[in-house]
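Worksheet: one structure, shown below.
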Amino acid sequence: MHQMTLAEIARGLADKKFSSEELTKVLLARITQLDPQLNSFISLTEELALEQAKAADARRANGESGALLGAPIAHKDLFCTQSIRTSCGSKMLDNFKAPYDATVVAKLAAAGAVTLGKTNMDEFAMGSANESSWYGAVKNPWNLEHVPGGSSGGSAAAVAARLLPAATATDTGGSIRQPAAFTNLTGLKPTYGRVSRWGMIAYASSLDQGGPLARTAEDCAILLQGMAGFDQNDSTSIDEPVPDYSASLNTSLQGLRIGVPKEYFSAGLDPRIAELIQNSIQELQKLGAVIKEISLPNMQHAIPAYYVIAPAEASSNLSRFDGVRFGHRCENPENLIDLYKRSRGEGFGPEVQRRIMVGAYALSAGYYDAYYLKAQKIRRLVKNDFMAAFNEVDIILGPTTPNPAWKLGAKNSDPVAAYLEDVYTITANLAGLPGLSMPAGFVDGLPVGVQLLAPYFQEGRLLNVAHQYQLHTDWHTRTPTGF
Ligand code: GLN
């Protein structure tokens, strides 16, 4: 049962082959049995799950239908859930129970999805290895000595290990696509503004975007359908109709123009990954796509720009965690300043503190123009590169990451080494574009992802290309041994 995709579950439930309650029980038992190896969940919500599953079964018995009605999922632990802890992977919010559901959570619940729990993540979504979580590192089910990627590492490890078919995640600089690549999943970061950020605890507000992590593009289409849409509670939510993502999955790729940036194949890319990317290009050519070399000349400036903008926004967003209103408060403060200092010092881990310091520095009066303003100008250049490229091609293709998943602890002493691994993903966040990662093969038994980028609001196109690719390849069907 645990091998079923969301699409298969929807068919099984519609055909009354099993009930949502039965499936939910199987998966909860599987999580209890197998998750101690992975640490992919921060909270399990058994009671809520069984309640939601029974309600979904009752709705089906009354003639209702829907791809998510009775489908088990989990939420990255930065989506606020009413009366259930939302920790953001931090000691700061270990005791935080939100008074309301995030829009994404509410929408999926209304569609009948069943919440099995809240998944582990890098603290405040800062990281790319899921090692900065206060609840401990998450392990990669493909090799328990390796990281699953981050910051949505819990969602990724859980779905890859078949503990559940799909989960929500967020992507500020790659946190959906990179863990998807590291764990052999399909993950989609939508266009900025497509999925509501209301109730999604902010890391860097101008870059954050929620999206689906699943095994197939078909399942990402189903989950995205339940997440996307205008929300008046989010001032950057975009009031555009949501297309039927499943309807365009089978569009032919004949004549599809795929751009491959020459800058992507630089010295930093593992040659074995480069070869797998070439194979995926050939596969898409067989399906009718036309390949064109393009250039994204400002790509080299993206990492420094991102690592100014994201910490700057984070330092502002995280100022609300002051020991007064939310989360952790130190014992016996001597005065207000002592309360702030010790509450924040005790509540935030080292990576979060580092970013708050970098961000506060970049925003300080004397340095604003030199760092923040300059980074914003680079951001515009990165966007302009993409706009020029999309005049010539429909999709941009390349690696999701320069290397496969590294060993736990390998980059702990050198944060910049980890930042450099974000080179292929962060440009889409800087430009606000949609991006998808899908399985493209293995290196030393570790999964490799190929990334597709598209113009604004072309999520349907990305899912279409990935689905066609998955009809003709079987990388995405591989299961990690032991799971
Ligand atoms: N690795 C990036 C960072 O640490 C991206 C994280 C994310 O997308 N949330 O900022």
| Does residue 326 meet the test of being surrounded by fewer than 21 Cβ atoms within 10 Å (Cβ to Cβ) and more than 22 Å from the chain's Cα centre (by Cα)? | yes
Yes or no: residue 58 in contact with a strand residue (DSSP E or B) (Cβ under 6 Å, 6 or more places away or on another chain) and of a type in the set (A, V, I, L, M)? no
Segment 144-227: strands (runs of 3 or more DSSP E) wholly inside it with 3 or more residues that are in contact with a Phe, Trp or Tyr (Cβ under 9 Å, 6 or more places away or on another chain) are none
For segment 153-165, pairs from a residue that is farther than 9 Å from residue 40 by Cα and open to solvent by less than 10 Å² (accessible area, probe 1.4 Å) to a residue that is of a type in the set (D, E, K, R) and assigned to a helix (DSSP H, G or I), with Cβ under 7 Å and 6 or more apart or across chains, are 163/30; 163/35; 165/219
Picking from 355, 342, the residue that is among the charged types (D, E, K, R), in contact (Cβ under 8 Å) with a residue 60 or more places away in the chain, surrounded by 17 or more Cβ atoms within 10 Å (Cβ to Cβ) and assigned to a helix (DSSP H, G or I) would be 355
Selection from segment 391-421 of residues under 17 Å from residue 148 (Cα atoms), surrounded by fewer than 20 Cβ atoms within 10 Å (Cβ to Cβ) and of a type in the set (D, E, K, R) yields 407
Only one of 300, 285 is open to solvent by 30 Å² or more (accessible area, probe 1.4 Å), of a type outside the set (Ser, Thr, Tyr) and either modelled with pLDDT of 95 or more or not in a helix (DSSP H, G or I) (or both), namely 285
Flagged in segment 207-241 as more than 13 Å from the ligand (Cβ to nearest atom) and polar (S, T, N, Q), in numbering order, are 216, 225, 232, 233, 235, 236, 237
Of (1) hydroxyl-bearing (Ser, Thr, Tyr); (2) closer than 14 Å to residue 301 by Cα; (3) open to solvent by less than 70 Å² (accessible area, probe 1.4 Å), residue 364 satisfies every one except (2)
In segment 158-173, anything within 16 Å of the ligand (Cβ to nearest atom), of a type in the set (A, V, I, L, M) and under 17 Å from residue 401 (Cβ atoms) is listed as 169
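The values are calculated or read from the model by the stated rules, or taken from the named source; none is laboratory data. Note that the coordinates shown come from a computational prediction; the quantities given were computed from them, not determined experimentally. Quick reminder, even Gly has a Cβ in these numbers, built from the backbone with ideal geometry, and neighbours come from all protein chains shown. Surface accessibility is based on the protein's heavy atoms, side chains included, excluding ligands, DNA and RNA. Shrake-Rupley method; radii C 1.70, N 1.55, O 1.52, S 1.80 Å.
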